[in-house]
1. Post the alpha-carbon centroid distance, segment 117-147 to segment 1-77, in whole angstrom.
2. When a footprinting reagent is the concern and you count Cβ atoms within 10 Å, what order do Phe20, Phe250 take, fewest first?
3. Over 20 Å between Cα atoms: which of Lys258/Lys290; Lys67/Lys210; Lys115/Lys183; Lys138/Lys168 fall into that group?
4. Please rank Glu231, Glu176, fewest neighbouring Cβ atoms within 10 Å first, as an exposure proxy.
5. What are the radius of gyration and Dmax of segment 1-40, computed over its Cα atoms and given in Å?
6. From largest to smallest, what semi-axes in whole angstrom does the chain give when each is the square root of 5 times an eigenvalue of its alpha carbon gyration tensor?
7. Take every Cα-Cα pair in segment 78-237 and report what % of them are more than 18 Å apart.
8. Among 73-83, 40-50, how do they line up from the highest to the lowest mean number of other beta-carbon atoms within 10 Å?
Amino acid sequence: MTLEVDVRHKAGAFRLDARFESAGRLTALFGPSGSGKTTVVNLIAGLARPDDGRIAVDGAVLVDTAKNIFVPAHKRRVGYVFQDARLFPHLSVRSNLAYGRWFTPRGERTAGFEKIVDLLGIAKLLDRRPHNLSGGEKQRVAIGRALLANPAILLMDEPLASLDDARKAEIVPYIERLRDGMKLPIVYVSHSIAEVARLATDIVVLADGKIAAAGTASDILRRSHLFAGAERGEAGAIVDARVLRHDETFGMTVLTSKAGEIRVPRIEASLGSPLRLRIRARDVMIATEKPVGLSALNMFPGTVREIGEAKGPAADVNIDCGGELIVARITRQSLATLKLERGSKVYAVVKTVAFDDDNLPASALERAESL
């Protein structure tokens, strides 16, 4: 499915001028607070009417001001998950889930109740009331309620923002399952680049009500200049890999990728399972010869494809490793010392321990395969 957004909208002193198109499974709207992310999803949902423009989902026009088209929110087949779960406190989980079907004609109720319950791992929660649920459990129920409305698109407005780290770690694998197992486009709002890097297939970067960049996650995350402050340190490469074998002796898993074999901390996934991992630019060292006597275990031979414009003490170096583009952020002094230029033969070096929970989605892999 394709999402098309081309809108202009004014709310007080804020002005939104956004135009993008995405066919991704999970399109992340990324940017700082006040950049216009929530305004965009509210326009898609029909909770606000743009001053000018057009919005369409898979060719179905939701808004077209030039043709005086505005489909009301309750007729848009949009599922919306907010920061807070917004469950009905007087209803059980089962009844909250069933509520999602009220607005869907009986003949269009294709989402199976049991399938959604299993997908989100909430079977044991059905008879509980919301006050007996954790924050992560409430959000899973909220997602289930949205899915049972048989939406054509699912909107998620910072669904992890109100959760602590433990609850975030609990719910992220379920969002990965939605992305990989459901034929449903998802628009996901976040101001966390680590969150977006793990979940997004496509990213739209907003700044001051305008689109700063839009494209695939792998393309956008390599462009560190799009991110400010601490978020810039989370930029890097997205690498597709498969599980090759497990090393029980040292508690590691060996993956295979275009760049070569990658050793990561042990994960629970069957051989051949596909996964996506992130290699942060700040975790990559560059060597002009294959290192020896080094503790880092991942060494990928490659060729320098591009050297980004140096701002401050650092510069980003894009290295083509067997068709996989890996980014290294090094100091300008190192750049000069190594005499790097486009075409230089180098090794990209990454420590195994650099692959932490944010960079290595492991818990959802086998379950996603079964959907």
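Each value in this text was obtained by applying a stated rule to the coordinates, not by laboratory testing. Keep in mind that what you see is a predicted model, and the values were worked out from it rather than measured. Cβ: placed from backbone, ideal geometry, glycine included. Neighbour counts: every protein chain shown.
1. 29 Å
2. Working: Phe20 19, Phe250 10.
Fewest-to-most Cβ neighbours within 10 Å comes out as Phe250, Phe20.
3. Working: Lys258/Lys290 18 Å; Lys67/Lys210 24 Å; Lys115/Lys183 14 Å; Lys138/Lys168 12 Å.
The pairs that break the limit, which is 20 Å between Cα atoms, are Lys67/Lys210.
4. Working: Glu231 17, Glu176 21.
Listed from fewest to most nearby Cβ atoms, that is Glu231, Glu176.
5. Calculated on Cα positions, Rg and Dmax stand at 11.2, 34 Å.
6. Values: eigenvalues 298, 141, 53 Å².
Largest first, the chain gives 39, 27, 16 Å.
7. Numbers: 7703 of 12720 pairs.
Looking at segment 78-237, the distances longer than 18 Å represent 61 percent of pairs.
8. Numbers: 73-83: 18.3, 40-50: 20.2.
Those peptides, ordered most packed to least, come out 40-50, 73-83.
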